[in-house]
1. Give me the one-decimal nm value for the distance between modelled label points at B:Thr424 and B:Val274, 7 Å along each residue's Cα-to-Cβ direction.
2. Considering only the other residues whose Cβ falls under 13 Å of the Cβ of B:Cys542, what net charge follows from Lys and Arg at +1 and Asp and Glu at -1?
3. Cut-off under 18 Å on the C-alpha distance; same-chain residues fewer than 8 positions from B:Lys116 excluded. Which aspartates and glutamates are left, in chain and number order?
4. Order of B:290-297, B:21-28 by packing, highest average Cβ count within 10 Å first?
5. Taking only C-alpha pairs under 8 Å that are 6+ residues apart, what is the relative contact order of chain A in percent?
6. Structure shown: which of B:Lys53/B:Lys774; B:Lys384/B:Lys434; B:Lys609/B:Lys668; A:Lys180/B:Lys305; B:Lys199/B:Lys267; A:Lys180/B:Lys59 lie over 31 Å apart, alpha-carbon to alpha-carbon?
7. Beyond 26 Å between alpha-carbons counts as too far, so tell me which of B:Lys372/B:Lys470; B:Lys689/B:Lys710; B:Lys372/B:Lys685 fall in that bin.
8. Quick one: compute the contact order of chain B, relative version, from alpha carbon pairs under 8 angstrom and 6+ residues apart, as a percent.
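The values are calculated or read from the model by the stated rules, or taken from the named source; none is laboratory data. Given the structure is predicted, the values throughout are model-derived calculations rather than measurements. Note that we place each Cβ from the backbone using ideal geometry, even for glycine, and neighbour counts take in every protein chain shown. These accessible areas exclude ligands, DNA and RNA; they are computed on the full protein's heavy atoms, side chains included. Shrake-Rupley method; radii C 1.70, N 1.55, O 1.52, S 1.80 Å.
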Amino acid sequence: MKIKVDLAEAYRYMGGRGEPDGQEKKELEKAAEMIAESSNPRSIERFFSVDRSGDGVLLSETELLLPGKAVRALLKDCRECMIFCVTIGNEPEMLIRRWEVENIAFAAALDACASSAVESLCEQEEKKAIGSEEVFLTDRFSPGYEDLPLSLQPDFCRLLDTGRKIGVMVSGSGVMIPRKSVTALVGIADRKQKSRDSGCSACPAYGSCSYRESGVTCYGHIL
Amino acid sequence: MGTELQKRGMPAGMLPEIYGMEHPEIVEEIHRAYIDAGSRILYANTFGANGKKLQRSGKSVKEVVTANVCSARKAAGDLCGVALDVGPIGEMMAPIGTMSFEEAYALFREIVTAGKDAGADLVVFETFSDLAEIRTAILAAKENSDLPVFATMTFEERGRTFTGCMAESFAATVSGLGAAAIGVNCSLGPKSLMPIIRKIGSITELPLIVKANAGLPDARDGHYDIDAAAFAREMSECAEIGVRIVGGCCGTDPEYIRELKKALEGKSCAERTVRKQTAVCSATRFAVSGSIRVIGERINPTGKKRIQQAMKDRDFDYVLAQGISEADAGADILDVNVGVPGLDEPELMKECVQQLISATDLPLQIDSGNAKALENGLRYFPGKAIVNSVNGEETRLKTILPLVKKYGAAVVGLTIDENGIPETAEGRFRIAEKIKKACLSYGIPEEDILIDCLTLTVSASADSASVTLKALRMVKERLGLSTILGVSNISFGLPDREEINRTFLTMAMEEGLDFPIMNPNSEFMMDAVASFRMLNGADPGCENYISRFRDREKTHTRTSAAAGDSKAAQAGAAQDKMPDKAGHTIETAVMTGQKSEAAILTKNLLMQKEALDIVNEDLIPALDKVGAEYEKGIIFLPQLLRSAEASESAFEVIKDYIAGKGEQPVTKGKIILATVKGDIHDIGKNIVKTILSNYGYRILDLGRDVPPEKIVETALREDVKLIGLSALMTTTLPSMEETVRQLRKSNHACRIMVGGAVLTSAYARSIGADYYAKDAKRSADIAREVLG
């Protein structure tokens, strides 16, 4: 898996608006390079049959029930789904912590680049859901999105045996360690899936978002 | 074991240890199958039987462990050894995660005690990927039982564990802890593990273990790709390498063991030669003697006012900054000394080490005259450290060497005893001999001894240099030990000290000095090391030398050692002149985020103005202007942070200046900042810390994952009027609520502000906080309102 950092996306993650100026761009490029170099990307995935007959969605081979309306709607055309976990590893975190001591502006750039790197890993990982037949994928969906509870995070990790296979664990309070890790599911359907684009209303920061206050979204739309 | 239990009907999702307790006859049957196939050590079904993993099962560690060890015992009879099998706890230790040393230790102690009581013959720690965790486990086992300990870690193909731990570091660290055998298990098939076990075997003399997987599992069906015969074939290489203990991990079954036994029948285990060398390490950094290894000396309060103040204030950011700049300048190891009179040295050493390992991976040299402080340093450093120091005095040797032995550290021996420092090289050599003898009598290997022949000033005695150098040569040639030395004493009382120091350093390196203790931020001194390494053939193609010097302007001015003392001065050291941009003030430097300019301007302004006036009339108004622009959306967070960095470098200049004059530091009041229990996100909090300290507030940063009790206790003890709490996850908001509740209950008069991406002002109100700080700028406004 290759580490790719989207500089514009990283700039937004660190609270920047518009285009980064000359010096900021150089710093972001340096940060992206350092994140790419220090990362040790790893991933793991498993496939499950989807059973929507009861309440919520059951992953057939396990006893795991995915509650809520959102995931039910997401998987309405799917007989199968892929659950995965990706991480960029521990080393970038040590790097960020070290830079917090010396230059917090650069540390913020590193942190933002690391987040962007994980996103790119997710995109690459999703492609593994496409096998030899022609299939269509739903959007990626993670515990904590809409009404899929965050408390499912340890269950996803347990199903995938992330602790042993890729060194990702969930702390007692639900933080993923290494921090720059993502668990998600993606549905595999036989027809094209509409992008859900739930927009801002699904985000926990909706009520206090400083982007929305100034008339834009964090993903670049003008309200 | 897990797969075998599943084959015999264990339902998916059930804990194997619980199932085993409920179906002992099945577990016994599995063990017997393995004995039949040729196993002689049985790993009991206790891999995940720790307090954390059993939490929701309703069963105690004691009952689960006892039941499963008994099953193994029953099957084993007199034929086999029964090992208590212990895997990782399932949570990462700090600083990577939130589990503390004490918590992990307690969990390991619990399971080891249960295993010992149940009659296990030995303890096996396997499948660990974090060096700190396996080290804690081994200490818990050694301190609570007499059972032999096996230790194996799990590696990726690249030769490191998931947390980046190198095979060499694992070998060097665990060897000294008293393990009975060491090796690798899981993750990979036999072929891929061989290079890794070879590396481990080249460093440690301990017996080796290889417990490989049956290759790699298929992503779709989980089927492993190497059959029993192929597995056995690949494992035969173990005999040539000299591995004594072999087994199969994931994907293997009794058939694999049978084939393995057949393949190794009649083969003799090769003898291993281990290269004896002095090595110290952290999980991710391995420093071995052979080429000069620089020990950075700057984390030491002796005679250094600024860092002394930082230690008194528990301003670990400053201490860390020194360590990081030493690492950047090429130090291989950091000396850590926290001996400030009047402070609790053991406690401070513990905290300092824990802080350092969160930001730098350099191995540490624990420097203290206080045995408890030394012990704390050793206990909490997750690697192999150096103890600085012992000397020829009996009591010192008797007190300290047992600690060195217990933690498997290297040790510095000073050639001084109760009679003082010998005047002759022979005299110093004799003390070195005595120290070597004492170390060996405690079982400390000779490669872990570093002799310091001590440097006295040449201005007091003309033969100071030659005595030290001769003693050094004698120690190297006749005792075969590594050597360490601080050189700067040589020039005390003379002009151009650096010139003398550097020449003496070079002479010493030629006589065999392995570990110079010096200031790595002195470019002049480090140049000598670079040249020496190259001239000594330790720099192939002269690559490092060329890249170091190629672009250097050959000026005759040198960076003096003193300039390395402050973050800001370092940045501005090379250009102590007025900037040629007309009309540039501190204000513009801060607003445009010019770090070094801000520092220079401040330095120059200090010649005309009082420090406090600069803070109040130049720095703070600049920050206010930046803050206002941020609020109006003219600039955004990246620019705010750059300005904060510039302001901070200006403030560093002021702090240095004030400390140098022995005055009280500028402070407008104390603020506690903490990320609440369970939460490890802290970049936001650290941004707030930067902004607030730039305004002159003294920040007591309690870090992340802070229990409510610690926040309350600090608030009461330090009488802090403003407390800032941060949480970045909905799951940790209850911790925030609990912290507020405890603060109110304590009746301590204070204001509480809360912040973090998931917070809203409504929530802040609902939990009883006084303020909701939506960003760093707002926190500064709140601080002004509360503290002035």
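1. With each label placed 7 Å out from Cα toward Cβ, I get 3.8 nm.
2. On the way: positive: B:Arg533, B:Arg548, B:Arg550; negative: B:Asp539, B:Glu543.
Cβ neighbours under 13 Å give a net charge of +1.
3. Partners within reach: B:Glu17, B:Glu63, B:Asp78, B:Asp85, B:Glu126, B:Glu143, B:Asp146.
4. B:290-297, B:21-28
5. Computed over chain A, the figure is 25 percent.
6. Details: B:Lys53/B:Lys774 38 Å; B:Lys384/B:Lys434 24 Å; B:Lys609/B:Lys668 19 Å; A:Lys180/B:Lys305 39 Å; B:Lys199/B:Lys267 22 Å; A:Lys180/B:Lys59 34 Å.
Over 31 Å Cα-Cα: B:Lys53/B:Lys774; A:Lys180/B:Lys305; A:Lys180/B:Lys59.
7. Details: B:Lys372/B:Lys470 35 Å; B:Lys689/B:Lys710 19 Å; B:Lys372/B:Lys685 33 Å.
Beyond 26 Å between Cα atoms: B:Lys372/B:Lys470; B:Lys372/B:Lys685.
8. 6 percent
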